[in-house]
Amino acid sequence: MYTVTLSERGQITIPAKIRKRLGVGPNDKIAIIFRENEVILKPLKGTIKNLRGVIQPRKQPEDFEIIRSLTRSTVAKKNV
């Protein structure tokens, strides 16, 4: 168990060992979850920014009318 002190501005410092264990650093986001009389800190990983560059653009643009048509026919087959 760790003990931290609340500052005059309502802030706490998360000890380095906890930050390391959570895998968080400067500018990382942490969710605060309330459960009964507990506060849970949960690191938020995998934001949309982390996905940048994962999918390579196609050489030709997609034909969305064809995609819509295929989707509609697939959904129609599932509903029969």
Are any residues in region 30-57 out of contact with any strand residue (DSSP E or B) (no Cβ under 8 Å at 6 or more places or on another chain) and assigned to a loop (DSSP other than H, G, I, E, B), and if so, which ones? E36, N37, K45, G46, R52, G53, V54, I55, Q56, P57
Under 6 Å between Cβ atoms, which residue pairs at least 6 apart in sequence (or on different chains) link something in region 2-19 that is touching a residue at least 12 places away in the same chain (Cβ under 8 Å) with a partner that is surrounded by 10 or more Cβ atoms within 10 Å (Cβ to Cβ)? Y2/P15
All conditions in (1) surrounded by 10 or more Cβ atoms within 10 Å (Cβ to Cβ); (2) in a loop (DSSP other than H, G, I, E, B) are true of N27 except (1)
Restricting to region 31-71, give me the number of residues that are closer than 30 Å to I14 by Cα and among the β-branched types (V, I, T). 6
Residue check: is G23 under 15 Å from the mean Cα position of the chain (by Cα) and at pLDDT 90 or above? yes
Which ones in region 30-49 are loosely packed, with under 11 Cβ neighbours inside 10 Å and either in contact with a helix residue (DSSP H, G or I) (Cβ under 9 Å, 6 or more places away or on another chain) or of a type in the set (A, V, I, L, M) (or both)? A31, I32, I33, V39, I40, L44, I48
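The values are calculated or read from the model by the stated rules, or taken from the named source; none is laboratory data. Since the model is a prediction, treat every value here as computed from it, not as a measurement. Backbone-built Cβ (ideal geometry, glycine too); neighbour counts: all protein chains shown.
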